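All remarks here apply to the structure that follows.
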Amino acid sequence: MVSRVIPVDDFDLVIFGGTGDLARRKILPGLFRRFHAGQMPSTSRIIGAARSEMDQATYQKEVAGALEEFLPKDARPKDQIDAFLDCIDYVKIDAMGEGGWSELSSKLRSGVVRAFYFSVAPSLFGPLAERLHGHSCAGPKCRIVVEKPFGRDLESAKALNKTLRDHFDEGQIYRIDHYLGKETVQNLMAVRFGNVLFEPLWNAQYVDHVQITVSESVGVEGRGAYYDKSGAMRDMVQNHLMQLLCLTAMEPPSRFDPDAVRDEKLKVIRALDPVDPADIVRGQYTDPKKGRGYLEQVEDPDSITESFIAMKLSVSNWRWAGVPFYLRTGKRMKARYSEIAVVFKDAPHSIFGQDQGRHRNVLTIRLQPNEGMDLFVTIKEPGPGGMRLVDLPLDMTFADALGPEAADVPDAYERLIMDVIRGNQTLFMRGDEVEAAWAWTDPLIEGWTERREKPLPYETGSTGPEEAAMLLHRTGRRWREIRP
Ligand code: NAP
């Protein structure tokens, strides 16, 4: 396969929080990879901004250190690193103060794309937006990129949206959900809407149920204080899993354009039924051997915040009436594993007899590890012994199917940053989408908070509480295996 890298236009990108964890781990290495691939013009400027006292050369050293730490050696040839560092600059700015803004303004060029990445706490979004305007850094064509968490409930999300919209048009605001930047997630749209094969079957008549799993093997570790205020519902379901659900369930948009796609996603969120508390299982990991259970890693020993959640959802529309969507996500699970599985119904009649058991077509879209897709089809087991049926995957692991270059696809952050520069908002959340997701989430969280419902314990390295399995067992279904 020949990779086709189309360079983006020349740009100035300011990273507020340019010395932080996200900038060091994801944004800067991602930008370097695009530079190395020839997609980022060498005339572009990346300006780090933070409160730390630093000159340009010191920040360049910091950036070089981050690239060394987060990129493999063979992915960072020295000549390329040196050329990339030439694009790097720094300005000392406190988002809450007035110093440094005129220096920043003087560094920004006219006539090139201008983007501001808010890689800082959301409480700084307002002050930054205000000062960008006050100091003439922002123009009608500039873009801002904001990170999750986008609010912690509907009210705070609305306030945040208002703050940003006071200074920028919706068309200038890029709310990142890095799950949308994953190759497989986009492939889900290609598979659904680029083939005639699946769409006729993609409905209640042929789909038995859908499972979406995002399983992490790590716990909250050093982020206990932050995570305990959030929990799996706010941290994962309201944004990442909701986005995956939308792309799976949405109607075909009329065009692959930002608003057409986002309109359809919004309709899915609005069609979600309220969830019966009996269809929600919340858990907290334990780790008696090492004493590193959830409650040992957060400040509140009586915390009722969940590190695991499984739930059954219904999308109330003609396409999906009666089809359960099962979602689960958790920390300290058996493995780091994420997939969407569309489980089709049994064949209406088996000509092979009862003893052949149940065989089902399943389409799985794997997000991690090894992004790819599998379509399980029922075939005859080769060899003698009569007609014995077996379900085998038609493996569509990108790296195997498309050659080694496919394994080198841009990671989610790289792709999304390049989309910001291109001015393509398709893979970013619109303000009304975020608000609709919170409007659906809030009553659920309020419900278990008011009832003071304690999450169920589950062992580190397991698949969550037993009760999560029961969520499916009671209708004769079962979760797909979480594979290490
Ligand atoms: P972090 O490591 O704490 O870094 C924060 C950055 O903001 C630092 O560069 C800090 O530098 C700067 N900063 C703090 N106060 C400032 C101020 N008043 N004015 C200007 N700069 C200021 O945080 P992070 O992990 O990079 O996260 C940044 C944002 O991304 C947060 O909203 C976080 O929730 C979100 N996020 C992070 C991740 C991740 O993996 N890290 C993932 C998803 C979302 P100085 O102290 O020098 O000012």
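Taken together, the values in this text are just the output of simple stated rules run on the coordinates, not laboratory data. Just so it is clear, the model here is predicted, and its values are computed rather than measured. Methodologically, a virtual Cβ is constructed for each residue, glycine included, from the backbone with ideal geometry; neighbour enumeration extends over all protein chains shown.
Amide H to amide H, which residues 5 or more places from Gln368 or on other chains are under 5 Å from it, using H placed in the peptide plane?
Ser338
How many times 2.2 N^0.38 Å is the alpha carbon radius of gyration of region 30-118?
Ratio of Cα Rg to 2.2 N^0.38 Å: 1.14.
Using helices alone, what [θ] at 222 nm do you get for the chain, with -39,500 (n - 2.57) per DSSP H run of 4 or more residues, divided over all residues and rounded to the nearest 500?
Result for the chain, helices only: -9000 deg cm²/dmol.
Of the lysine pairs in region 55-111, how many meet both conditions: Cα atoms under 22 Å apart, and a spacing of 8 or more in sequence or different chains?
Total qualifying Lys-Lys pairs in region 55-111 comes to 5.
How high is the relative contact order of the chain? Use alpha-carbon pairs under 8 Å, at least six apart in sequence, and give a whole percent.
18
If the cut-off is a Cα-Cα distance under 18 Å, which aspartates and glutamates reach Lys334, setting aside same-chain residues fewer than 8 apart in sequence?
Cross-link targets: Glu216, Glu221, Asp287, Glu306, Glu459, Glu466, Glu467, Glu481.
Lys229: which lysines have alpha carbons under 22 Å from its alpha carbon, excluding same-chain residues fewer than 8 sequence positions away?
Lys148, Lys158, Lys331, Lys454
Show me, bin by bin at 20 Å from 0, the whole-percent P(r) of the chain based on Cα pairs.
Final binned percentages: 22, 54, 23, 2, 0.
Over region 172-280, one equal point on each Cα, no solvent: what is log10 I(q)/I(0) by the Debye formula at q = 0.11, 0.12 Å⁻¹?
-0.45, -0.53
List the relative contact order of region 11-147 as a percent without decimals, with contacts defined as Cα pairs under 8 Å and 6+ residues apart.
31
Is the C-alpha gyration tensor of region 231-320 telling us rounded, prolate or oblate? Criteria: a/c under 1.5 is rounded; beyond that, a/b larger than b/c is prolate, otherwise oblate.
Prolate is the answer for region 231-320, as a/c is 1.5 or above and a/b outweighs b/c.
Hey, how many Å between the Cα centroid of region 324-375 and the Cα centroid of region 242-267?
Cα centres, region 324-375 to region 242-267: 23 Å.
Calculate, for Asn195 and Lys290, the FRET efficiency according to 1/(1 + (r/R0)^6) with r their C-beta to C-beta distance and R0 41 Å; round to the nearest 0.05.
Step by step, r from the Cβ atoms, then E = 0.30.
Check the straight Cα-Cα distances from Lys141 and name the aspartates and glutamates below 17 Å, setting aside those fewer than 8 residues away within the same chain.
Within reach: Asp9, Asp10, Asp12, Glu130, Asp166, Asp169, Glu170, Asp419.
Taking amide H atoms as placed 1.01 Å from N in the peptide plane, list the residues 5 or more away in sequence, or in a different chain, whose amide H sits under 5 Å from that of Thr286.
For Thr286, whose amide H was placed from the backbone, the distant partners under 5 Å are Tyr294, Tyr458, Glu459, Thr460.
On average, how much area does the Cα convex hull of region 272-360 cover when viewed from any direction, in nm²?
Answer in nm², one decimal: 9.8.
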